[in-house]
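Below is one structure; the comments refer to it alone.
What follows is calculated from the coordinates using simple rules that are stated; it is not laboratory data. Not measured: the values here are computed from a predicted model. Positions of Cβ are backbone-derived with ideal geometry, glycine not excepted, and every protein chain shown enters the neighbour counts.
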Amino acid sequence: MIKTELLYQPSYALAKVLMDQGDQFRVEAGAMVSMNGNVRIETQATGGLLQSLKRSVLGGESFLMNTFHATANGAEITLAPHLPGDIATFRMENQQLILQSGSFLASELDVTVETKWGGAKTFFGGEGLFMLRCTGSGLMVVSSYGAIHKVEIPAGQTYTVDTGHIVAFDEHIAYTVRKAGSWKSTIFGGEGLVVEFQGPGNVFLQTRSPEAFLSWLIPRLPRDTSN
């Protein structure tokens, strides 16, 4: 069985993956930090050309993925996301999980990762037109911007989340997208749109929002005033 050890959480998390001979692990392009000599890499368009193109263009993931093959016991690779933040692991058992674009880091081969049409709901929520639908059984590694916070929503209750802070949620959970308040507070109050989840189900949040960081950073970037 593939094993993982998560280090340096939650700000600059690193995943150490340990494999035995014959194990295989699919990793998002650019996520590998290091590996030992018992690993062989194979790069391919996972799921075929069209599926990989769809996942890349519409889901925000890499067109090509790397499959790491353990050539002997004691194979080791370390993985890290592009943004500073946390890493979490899921032991999928015939489960379905909806994942935000960019949070997929790695998985065993029996976990299928595909784009899921989100329509205007996710588009106006700032998440892009597509989320990722992860199904099957096996280990999956996901990342976030900031720490990951799990919320268990009981049956009959609702829980509201800013769209920029969603990492993942159970596929079966019902949800609606709405304004945080009036249009005035949505436009000028900085809250934007939110997702209201209806329990039962689990939602995983990230404590920081990339969109909020960019809205803070961009006005402070130096500008070329020579022209």
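Fully extended, how many nm does the chain gain between Gln157 and Gln96 (0.36 nm per residue separation, minus their Cα-Cα distance)?
Length difference between fully extended and current span is 19.8 nm.
Using the beta-carbon distance between Ala72 and Glu5 and R0 = 25 Å, what value does 1/(1 + (r/R0)^6) give for FRET efficiency, to the nearest 0.05?
Efficiency for this residue pair is about 0.85.
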